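The values are calculated or read from the model by the stated rules, or taken from the named source; none is laboratory data. Keep in mind the model is a prediction, meaning the values are calculated, not measured. Cβ sites come from the backbone with ideal geometry, for glycine too, and all protein chains shown count toward neighbours.
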Amino acid sequence: MTEVTPVEAVVLLSGGLDSATTLAIARSRGLKCHTLALDYGQRHRTELDAAARVSSASGAASHRTVSVDLRAIGGSALTDDIDVPEAGTTGIPVTYVPARNTVMLAVALGLAETLDADEIHIGVNAVDYSGYPDCRPQFIAAFQDLARVATKRSAEGKSVEIITPLIHLTKAAIIARGTELGVDYALTVSCYQADAEGRACGRCDSCAIRRAGFAAAELPDPTRYA
């Protein structure tokens with residue numbers, strides 16, 4: 001009997017709820033997953049530890065943390081000395097990190113080429129999210145067009161596909177799907193200002209969206225709050 005070689009995939013892993021669910025969905029398809037976290041100078045650095053925990057718990061084939069210092073350009077409450085808002089805001093919030101998803105996908109594309117991986121998985125969501133422009137379907141479609149012409153691999157007729165399994169799901173639906181797949185959300189950190197132990201503030205926009213998601217899914221919230 002001929003052994004089938006599993007499809008290899010790069011999964012962007014932030015350490016948060018969405019990326020953990022994305023990884024679980026990829027693993028449920030039998031993919032050989034290589035997880036990738038980006039150390040972009042984020043102030044909430046405990047998410048990098050969470051990404052490593054989630055990757056290990058999932059049985060990923062490998063895990064890497066790549067450093068790209070977006071703090072050097074600033075412009076975001078997540079990288080600059082700007083207060084994280086603790087109330088609802090209008091428009092694109094100050095927690096938006098300029099070019100973050102573009103940089104993440106570019107690094108993932110490079111890794112996919114070196115691994116000869118067929119897919120990149122990213123947990124962007126355009127339903128229950130903070131209004132970031134680089135979480136929208138049109139951004140993913142534009143990057144997919146770039147990926148089809150940007151690499152040696154694509155020039156040889158082997159394009160890398162950008163997979164976004166959560167993009168049209170509510171937070172409750174994401175949590176329900178992850179729970180079905182056995183995701184331990186206690187390992188994850190979503191808070192924009194988590195403390196050194198990974199405990200959430202319970203007040204920022206990300207905490208509010210996460211808490212509402214568990215409530216809507218009618219599932220217990222395992223988040224540790226400071």
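So here's what we get for this one:
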item: Condition met for VAL124 (under 16 Å from ASP221 (Cβ atoms) and either outside any helix (DSSP H, G or I) or of a type in the set (S, T, N, Q) (or both)); result: no
item: Residue count, segment 2-36 (criterion: over 18 Å from SER62 (Cβ atoms) and either acidic (Asp, Glu) or touching a Leu at 6+ places or on another chain (Cβ under 6 Å) (or both)); result: 3
item: Qualifying residue in segment 143-160 (condition: surrounded by 17 or more Cβ atoms within 10 Å (Cβ to Cβ), in contact with a Phe, Trp or Tyr (Cβ under 8 Å, 6 or more places away or on another chain) and not acidic (Asp, Glu)); result: no
item: Segments classed as helices (runs of 4 or more DSSP H), wholly inside segment 147-226, with at least 2 members that are at negative phi and at pLDDT 95 or above; result: 171-180, 205-217
item: Meets criteria (among the hydroxyl-bearing types (Ser, Thr, Tyr), part of a loop (DSSP other than H, G, I, E, B) and closer than 21 Å to LEU17 by Cβ) for SER130; result: yes
item: Given (1) at pLDDT below 95; (2) not in a loop (DSSP other than H, G, I, E, B), index of the condition ALA57 fails; result: (1)
item: Residue that is farthest from GLU156 (Cα to Cα), among those in segment 88-106 that are surrounded by fewer than 17 Cβ atoms within 10 Å (Cβ to Cβ) and modelled with pLDDT of 95 or more; result: THR102
item: Only listed residue being closer than 20 Å to VAL160 by Cβ and either under 17 Å from the mean Cα position of the chain (by Cα) or not in a strand (DSSP E or B) (or both), chosen from ALA108, ALA24; result: ALA108
item: Members of segment 145-185 that are in contact with a helix residue (DSSP H, G or I) (Cβ under 9 Å, 6 or more places away or on another chain) and basic (Lys, Arg); result: ARG148, LYS152, ARG153, LYS171, ARG177
item: Candidates GLY198, GLY202, filtered to the one that is without any contact (Cβ under 8 Å) to a residue 60 or more places away in the chain, closer than 20 Å to THR79 by Cα and among the small types (Gly, Ala, Ser); result: GLY202
item: Every pair of residues 6+ apart whose Cβ atoms lie under 6 Å, when the first sits in segment 177-193 and is among the hydrophobic types (A, V, I, L, M, F, W, C) while the second is part of a helix (DSSP H, G or I) and surrounded by fewer than 15 Cβ atoms within 10 Å (Cβ to Cβ); result: LEU181/SER28
item: Only listed residue being among the aliphatic types (A, V, I, L, M) and part of a helix (DSSP H, G or I), chosen from ALA77, ALA50; result: ALA50
item: Test for THR5: is it within 19 Å of ILE122 (Cβ to Cβ) and of a type outside the set (A, V, I, L, M, F, W, C); result: no
item: Unique match (being on the phi < 0 side of the Ramachandran plot and either free of Cβ contacts under 8 Å to residues at least 12 places away in the same chain or crowded, with 16+ Cβ neighbours inside 10 Å (or both)) among VAL84, VAL66; result: VAL84
